1. Hey, for a label at Glu78 modelled as a point 7 Å past Cα toward Cβ, could you say which residues of region 127-165 have their backbone N under 11 Å away?
2. Identify the residues of region 190-210 with backbone N under 12 Å of a label point that sits 7 angstrom from the Cα of Thr158 along the Cα-to-Cβ direction, or state none.
3. Could you give me the ³J(HN,Hα) list for region 110-123, computed from phi with Karplus coefficients 6.51, -1.76, 1.60 and θ = phi - 60°, whole Hz, x at Gly and Pro?
4. Mind telling me which of Glu212, Glu190, Glu170 comes out most flexible in a GNM of the chain, alpha-carbon contacts under 10 Å?
5. How much mean residue ellipticity at 222 nm does the chain get from its helices, if each DSSP H run of length 4 or more adds -39500 (n - 2.57) and you divide by all residues, to the nearest 500 deg cm²/dmol?
6. Work out the FRET efficiency for Val3 and Ser147 from their Cβ-Cβ distance, taking R0 = 22 Å, and round it to the nearest 0.05.
7. Please find the FRET efficiency linking Arg60 to Ala166, where r is the Cβ-Cβ separation and R0 is fixed at 30 Å, and quote it to the nearest 0.05.
8. Can you find, among Val6, Val163, Ala223, the residue sitting farthest towards the positive end of the charge dipole of region 2-234, where Lys and Arg contribute +1 and Asp and Glu -1 at Cβ?
Amino acid sequence: MEVVIVPGAEAGGELIAEAMAQLLRRKPDALLGVATGSTPLPIYEALAAKVDAGAVDVSRARIAQLDEYVGLPTDHPESYRSVLRREVLEPLGLDMAAFMGPDGAAADVQAACTAYDKALAEAGGVDLQLLGIGTDGHIGFNEPCSSLASRTRIKTLTEQTRVDNARFFEGDIAQVPHHVITQGIGTILEARHLVLLATGEGKADAVAATVEGPVAAVCPASALQLHPHATVVVDEAAASKL
Ligand code: GLP
């Protein structure tokens, strides 16, 4: 695992956007796994700026979703599909033909999960997977004690994650779904390059457990230690307990 400490969120975003741009210059139709949350926004802004400046061509890039709420209509503004359309695809000038994700509104959710795992493999696998990290060490929506070999499946959110995510639902925890679909940890580990960005002091404990703790299901992000090409980019605040 490679750990890169940057001065702040903006520098982290720029560093990772440049890694994505380099990948796309080598492989224009790369499959990019993207994450939601506040942390990756500087990455998406920096990548869109590179596109606007003509420094990289993303027109053939493909975008894969990491996780999704169950039960929100697909066009709900806070479904992760909507969020990614708004925060990633539109700024990059991509339409939904470039996008793949699980169907959180499917009647048979487990079948949608299995179909998504299969679709990722058939698409050639994820080239670069961006990850954020929850305050409890979760990646995607793999909460603590998720199997490190897990595949894409339905999960129940912890109270802490619902509290953390209530800010996207008018601060009202009652509106935060209880169930989600997430790529499993085993699925995530199949990506060729994992890049986790963590910023702010609130992530310092989770980052320390990820980087210096044992590989253990109690900290799902610690599974990155098992991956041959994992990069953890942290600002000084998130690195403060290393
Ligand atoms: C959610 C997402 C994760 C994300 C996490 C942290 O739980 N499912 O993919 O990493 O939030 O979000 P933030 O970056 O806003 O702290």
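1. Only 162-165 pass the distance filter.
2. 206, by backbone N distance to the label point.
3. Per residue, the Karplus-derived 3J(HN,Hα) values read 5, 5, 5, 5, 5, 5, 5, 4, 5, 4, 4, 5, 5, 7 Hz.
4. Taking springs between Cα atoms under 10 Å, the residue moving most is Glu170.
5. Numbers: 7 runs with 69 residues, N = 242.
Rounded to the nearest 500, the figure is -8500 deg cm²/dmol.
6. Working: r = 25 Å, r/R0 = 1.14.
Plugging the Cβ-Cβ distance into 1/(1 + (r/R0)^6) gives 0.30.
7. Working: r = 38 Å, r/R0 = 1.25.
Computed FRET efficiency for Arg60 and Ala166 comes out at 0.20.
8. Ala223
All of the numbers you see were taken from the coordinates with simple rules; none came from a lab. Just so we're clear, the structure is a prediction, and the values are computed from it rather than from any experiment. A quick note on method: Cβ atoms are made from the backbone with ideal geometry, for glycine too, and the neighbour counts reach across all protein chains shown.
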